[in-house]
1. Within the range 1-33, can you find the residues that are among the polar types (S, T, N, Q) and touching a residue at least 12 places away in the same chain (Cβ under 8 Å)?
2. For residues that are polar (S, T, N, Q) and in a loop (DSSP other than H, G, I, E, B), scanning just the range 13-52, find the one that is nearest to E3 (Cα to Cα).
3. Name every residue in the range 1-12 that is surrounded by 11 or more Cβ atoms within 10 Å (Cβ to Cβ) and part of a loop (DSSP other than H, G, I, E, B), in order of residue number.
4. Quick check on my filter: what residues within the range 33-52 are surrounded by 10 or more Cβ atoms within 10 Å (Cβ to Cβ) and either touching a strand residue (DSSP E or B) at 6+ places or on another chain (Cβ under 6 Å) or β-branched (V, I, T) (or both)?
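What follows is calculated from the coordinates using simple rules that are stated; it is not laboratory data. What you are looking at is a predicted structure, and each value in this text was computed from that prediction instead of being measured. Methodologically, a virtual Cβ is constructed for each residue, glycine included, from the backbone with ideal geometry; neighbour enumeration extends over all protein chains shown.
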Amino acid sequence: MEEQHPRTVVIGAGPAGLTAAYDLTRHGYPASVFESEGVVGGISQTAERGGW
């Protein structure tokens with residue numbers, strides 16, 4: 001019989017949260033990621049200013 005893993009919730013879709021969710025899923029733990037902002041990336045987001 002296959003082992004059942006509990007569902008996991010990751011709060012925050014920054015680099016650490018996305019990496020945690022990826023690793024958990026790779027090891028058989030279903031993971032859901034929740035982010036309060038409209039985009040992922042946390043503090044590593046990029047912005048365009050003056051065409052750059």
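1. The initial filter retains those residues of the range 1-33 that are among the polar types (S, T, N, Q), namely 4, 8, 19, 25, 32.
Result: T8, S32.
2. Taking the range 13-52 first, the residues polar (S, T, N, Q) are 19, 25, 32, 36, 44-46.
Those still in the list that are in a loop (DSSP other than H, G, I, E, B) too: 36, 45-46.
Numbers: S36: 32, Q45: 38, T46: 41 Å.
Ranking the candidates gives S36 first.
3. H5, G12
4. Here is the first cut: in the range 33-52, the ones surrounded by 10 or more Cβ atoms within 10 Å (Cβ to Cβ) are 33-35, 37, 40-42, 45.
Within the range 33-52, V33, F34, V40 qualify.
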